[in-house]
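Beneath this line is the structure, given in structure tokens, with notes to follow.
Where a number appears in this text, it was derived from the coordinates with a stated rule and is not lab data. These figures come from a predicted structure and were not determined experimentally. Note that we place each Cβ from the backbone using ideal geometry, even for glycine, and neighbour counts take in every protein chain shown.
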Amino acid sequence: MTSKKTISTLKKPQKIIKGRIKVKMDDGSEKSFFAIRSQHNNARGPFKGGIRFHPKVTEDEIKALSYWMTIKCAVADLPYGGAKGGVRVDPKKLSKQELENLSRAYAEFISDHIGPKIDIPAPDVNTNPQIIAWMLDAYEKKIGKKAPATFTGKPLNKGGSLGRTEATGQGGLFVLEAYLKSKKQKAKGKKIAVQGIGNVGYWFSVLAKKAGFKVTAISDSSATILLRGISLEKLVRLKKEHGSLEKSAKKEGLKTLPSNKILELDVDILVPAALEKSINEKNYQKIKTKTILELANGPTTSKAEKALINKGVDIIPDILASSGGVTVSYFEWLQNLKNEKWTKEKVNKSLKTKMVKVFNEVYETKEKHKISFRKAAYILAEKRIIEAMTKGEH
């Protein structure tokens with residue numbers, strides 16, 4: 001297979017499993033939902049990728065995300081290819097029992113196409129360890145044996161890994177520290193603004209603070225709050241209680257800024273950990289930071305990125321910065337295959353070693369070719385995939 005042919009093969013998934021799944025509703029009726037799994041490429045190992053439950057799930061989106069997972073796993077140098085799955089549904093409109101029925105129906109729908117050495121699904125948008133536990137149970141019942149390594153992101157009592165909850169935020173922090181080391185800079189006192197207070201934004205903020213960074217502001221979709229006179233932990237507690245940062249701020253008498261103002265603050269490091277395309281043509285000129293660490297998927301548009309790089313901004317891309325989650329998923333898979341249980345210390349130590357090594361490889365590629373971090377990450381990933389696809393053909 002020539003490199004040209006290999007590259008064209010990479011443009012489309014190897015297999016698409018799609019159809020409609022029937023789910024029993026609480027009123028006794030049956031409802032059908034569009035379900036899909038895109039298996040993009042398995043040249044480097046089993047397919048790997050999340051399952052999302054969302055009303056806007058489309059075939060094109062799932063295919064694109066499965067390609068992105070192939071790249072992400074190759075950047076992180078994990079022995080995986082990429083996959084993605086989804087069901088077009090608004091899970092907020094389902095009862096707990098209907099959600100369980102949907103999860104089990106989806107697992108049965110893809111059961112002939114997954115397995116510890118074939119395709120290893122995980123949680124994604126609107127799915128969680130409980131949903132994965134239902135899926136694993138349905139899958140094991142269908143195949144008639146235990147196979148915990150088929151799914152990652154499981155609850156701890158079902159073979160999940162310690163350190164998985166905070167893995168994406170923790171991995172991002174390790175990458176940021178490696179980046180500062182390459183610049184011969186220290187973490188202490190560096191000011192950070194974090195867009196997003198979900199799992200990733202929260203854990204990154206908490207761990208960055210512990211590591212000596214100064215987290216000065218955080219936002220959700222309702223407001224930006226400057227962390228003056230209120231701790232991050234208290235703010236998260238209040239958000240859980242009141243539902244949004246804006247409502248929490250009102251209760252505490254805190255000053256808020258509009259949600260999108262988080263991007264314009266004068267900080268050392270900006271961390272978009274929420275939305276796609278949040279840094280775009282409309283706002284990039286107002287960005288003052290010199291370093292962007294992408295923990296959300298695709299938070300910077302290509303036009304905005306080009307302009308920011310020309311201004312001397314370093315953008316550490318999502319496929320590198322947010323690969324801590326899939327890396328700890330890999331550790332979970334290894335523990336399941338070997339019937340081991342790693343300590344949190346071992347998980348974090350292994351994660352740090354991996355993330356620092358991966359950052360250094362991307363950095364060396366960037367310096368060698370005098371290109372952006374993102375281009376360097378893609379070059380490295382595609383080189384690894386093409387090598388795996390053309391192995392033994394000469």
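Tabulated values for the structure
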{"quantity": "Separation in nanometres of the label points that stand 7 Å from Cα toward Cβ, at Lys158 and Ser231", "calculated": "3.3 nm"}
{"quantity": "Over the stretch 56-95, equivalent-ellipsoid semi-axes from the Cα gyration tensor in Å", "calculated": "26, 11, 6"}
{"quantity": "Rounded Å value of the spacing that divides the Cα centres of the stretch 341-373 and the stretch 244-291", "calculated": "28 Å"}
{"quantity": "Residue-span extension gain [Leu334 to Thr353] - 0.36 nm each, minus C-alpha spacing", "calculated": "5.2 nm"}
{"quantity": "Approximate spin-label separation Lys15-Lys370, in nm, with each point projected 7 Å along Cα-to-Cβ", "calculated": "4.6 nm"}
{"quantity": "Cα Rg, Dmax (largest Cα-Cα span) when computed across the stretch 3-158, Å", "calculated": "15.3, 55"}
{"quantity": "Calculated on alpha-carbon atoms, Rg and Dmax of the stretch 155-283 in Å", "calculated": "15.2, 47"}
{"quantity": "Cα radius of gyration and Dmax for the stretch 311-394 (Å)", "calculated": "15.7, 50"}
{"quantity": "Peptides ranked, highest mean first, by Cβ atoms within 10 Å: ranges 358-371, 158-171", "calculated": "158-171, 358-371"}
{"quantity": "The stretch 235-285: C-alpha pair distances exceeding 12 Å, %", "calculated": "70 percent"}
{"quantity": "Protection-proxy order for peptides 113-119, 261-267, each taking the mean of Cβ atoms within 10 Å per residue, highest first", "calculated": "261-267, 113-119"}
{"quantity": "³J(HN,Hα) computed for each position of the stretch 230-247 - Karplus, 6.51 cos²θ - 1.76 cosθ + 1.60, integer Hz, glycine/proline x", "calculated": "9, 7, 4, 4, 5, 4, 5, 4, 5, 4, 4, 6, 9, x, 8, 5, 4, 5"}
{"quantity": "For the chain: relative contact order, % (alpha-carbon pairs under 8 angstrom, 6 or more apart)", "calculated": "16 percent"}
{"quantity": "Cβ-based exposure ranking for Val326, Val356, Val206, in which fewest neighbours within 10 Å come first", "calculated": "Val356, Val206, Val326"}
{"quantity": "Size of the stretch 1-67 as Cα extents on the principal axes (Å, biggest first)", "calculated": "56, 21, 16"}
{"quantity": "Selected from Met25, Met135, Met69 as most flexible by GNM, with the chain as the system and alpha-carbon contacts under 10 Å", "calculated": "Met25"}
{"quantity": "The chain, Cα convex hull volume normalised per residue, Å³", "calculated": "150 Å³"}
{"quantity": "Cα shape, the stretch 149-229, gyration tensor, a/c 1.5 rule", "calculated": "oblate"}
